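The values are calculated or read from the model by the stated rules, or taken from the named source; none is laboratory data. Predicted model, so just to flag it, every value in this text is computed and none were measured. All Cβ positions, even for glycine, are placed from backbone atoms using ideal geometry, and neighbour counts span all protein chains on display.
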Amino acid sequence: SMITLRQLLDHAAEHGYAVPAFNINNMEQGLAVMQAAQATRSPVILQASRGARAYANDLVLAGLIEGLARAFPDIPLCMHLDHGNGMETCATAIQNGFTSVMMDGSLKADGTTPADYAYNADITRRVTEMAHACGVSVEGELGVLGSLETGMGDQEDGHGATEKLGHDQLLTDPAEAEQFVKDTGVDALAIAMGTSHGAYKFTRKPDGAILAMHVIEEIHKRLPNTHLVMHGSSSVPEDLQEIINNYGGDIRPTWGVPVEEIQRGIRSGVRKVNIDTDNRLAMTAAIRKTLTEDPSEFDPRKYLKPAMQMMAQVCKDRFEAFGTAGQA
Ligand code: G3H
Ligand code: 13P
Ligand code: NA
Ligand code: ZN
């Protein structure tokens, strides 16, 4: 059944676990997440970006999610807007039945220009007032996602900051975080500590110099009752990179966020962990493998079913690792 992010994350905080938030764009991704949730008895967050809403058609996507909730009635399900960029996007998501929205005011509405505190706090507070009046939860973001190695944002993916950023922008300031939660009333706060979106996060296995998990610990000390959110939290598994590359793909050597670092975050108030890239890699790995092994195949179900299975396995692994399994 559909519940809000606030309800879901309050339970997670009480029981000391986190919920992975998986991005979906289509039926296969939605089914893969729900099958994994059912198999592990996990509550779930399905999130859709503005790009997903445009890709799938807003109303079709809304209908899909409603269908998934009805098909898996025992699984608590939060339908969340990922990286909303303004009042209008958040309002239409709420009209379409989303039970939670992210207002990402860390960037201006263009999605590339870093915003100042006043802009972010003002737009986030206004979205929160509207959403709460509708019984919908809100996630805000303070700090800009990007690489501590290069100072660059997520241009690789076609979104994120496009100017070179300093550590003061790439790492959320704990005192400012405390003020932001007070000023906006958000239910959950996304913070920046060195992760970025997409497959190319780190050029080596990350240590404290390029993945600043201590920032989370400092923020949690000041805001013990605020649900923290980690974006850019795919682990970019080596085995999936390998399958893709073995079947004609070209993924350059790269590192993601190790699962044990996320587990460290969960011990310090992280309750929502955003994952998209790992599932993209899983589906692509399975499709490349299936089509290479049988080039005569042309029934989409024959390669989409293994793609769903490989994605569901990633989801199950995360539900187990984050303590979500068994909580539904
Ligand atoms: O914010 C990043 C998510 O991975 C969604 O990506 O905007 O390409 O749908 P997208
Ligand atoms: P990844 O690209 O690491 O999967 O991050 C997804 C995300 O943060 C969506 O908001
Ligand atoms: Na989000
Ligand atoms: Zn994100």
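Taking only the range 95-111 into account, find how many residues are among the aliphatic types (A, V, I, L, M) and away from ligand 3 (no atom under 11 Å from the Cβ).
So the first thing to find is which residues in the range 95-111 are among the aliphatic types (A, V, I, L, M), and the list is 101-103, 107, 109.
Now drop any that are not away from ligand 3 (no atom under 11 Å from the Cβ), which leaves 107, 109.
Adding up the residues that qualify gives 2.
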Taking into account only those residues within the range 250-272 that are in contact with a helix residue (DSSP H, G or I) (Cβ under 6 Å, 6 or more places away or on another chain) and either outside any helix (DSSP H, G or I) or within 16 Å of ligand 1 (Cβ to nearest atom) (or both), which is nearest to residue 45 (Cα to Cα)?
271
Scanning the range 176-202 residue by residue, those aliphatic (A, V, I, L, M) and either over 24 Å from residue 11 (Cα atoms) or in contact (Cβ under 8 Å) with a residue 60 or more places away in the chain (or both) turn out to be 186, 188, 190, 192, 193, 199
Got a number for residues in the range 95-113 being at pLDDT below 95 and either assigned to a strand (DSSP E or B) or touching a His at 6+ places or on another chain (Cβ under 6 Å) (or both)?
1
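Of all residues in the range 163-175, how many are in contact (Cβ under 8 Å) with a residue 12 or more places away in the chain, surrounded by fewer than 17 Cβ atoms within 10 Å (Cβ to Cβ) and out of contact with any Pro (no Cβ under 9 Å at 6 or more places or on another chain)?
Within the range 163-175, residues that are in contact (Cβ under 8 Å) with a residue 12 or more places away in the chain, surrounded by fewer than 17 Cβ atoms within 10 Å (Cβ to Cβ) and out of contact with any Pro (no Cβ under 9 Å at 6 or more places or on another chain) number 4.
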Among the residues of the range 71-83, are any in contact (Cβ under 8 Å) with a residue 40 or more places away in the chain and of a type in the set (Val, Ile, Thr)?
yes
What number of residues within the range 28-58 satisfy the criterion of being within 16 Å of ligand 1 (Cβ to nearest atom) and surrounded by fewer than 22 Cβ atoms within 10 Å (Cβ to Cβ)?
10
Of all helices (runs of 4 or more DSSP H) completely enclosed by the range 6-94, which ones contain at least 2 residues that are in contact with an Asp or Glu (Cβ under 8 Å, 6 or more places away or on another chain), over 23 Å from residue 133 (Cβ atoms) and more than 16 Å from ligand 3 (Cβ to nearest atom)?
27-40
I need the full set of residues from the range 130-142 which are away from ligand 4 (no atom under 16 Å from the Cβ) and either among the basic types (Lys, Arg) or in contact (Cβ under 8 Å) with a residue 24 or more places away in the chain (or both), in order please.
130, 131, 132, 134, 135, 136, 137
Subset tally (residues that are in a helix (DSSP H, G or I) and acidic (Asp, Glu)) for the range 114-129
2
Considering only residues that are closer than 13 Å to residue 237 by Cα and in contact with a strand residue (DSSP E or B) (Cβ under 8 Å, 6 or more places away or on another chain), look in the range 264-281 and name the one that is nearest to ligand 4 (Cβ to nearest atom).
276
Filter the range 39-71 for residues that are closer than 18 Å to residue 4 by Cα and either of a type in the set (Val, Ile, Thr) or within 16 Å of ligand 4 (Cβ to nearest atom) (or both) and give the result.
44, 45, 46, 47, 48, 49, 65
Per the filter on the range 223-237, residues within 16 Å of ligand 4 (Cβ to nearest atom) and either part of a loop (DSSP other than H, G, I, E, B) or in contact (Cβ under 8 Å) with a residue 60 or more places away in the chain (or both) are 227, 229, 231, 232, 233, 234, 235, 236
Residues of the range 14-27 satisfying the condition of being away from ligand 1 (no atom under 15 Å from the Cβ) and surrounded by fewer than 18 Cβ atoms within 10 Å (Cβ to Cβ):
14, 15, 16, 27
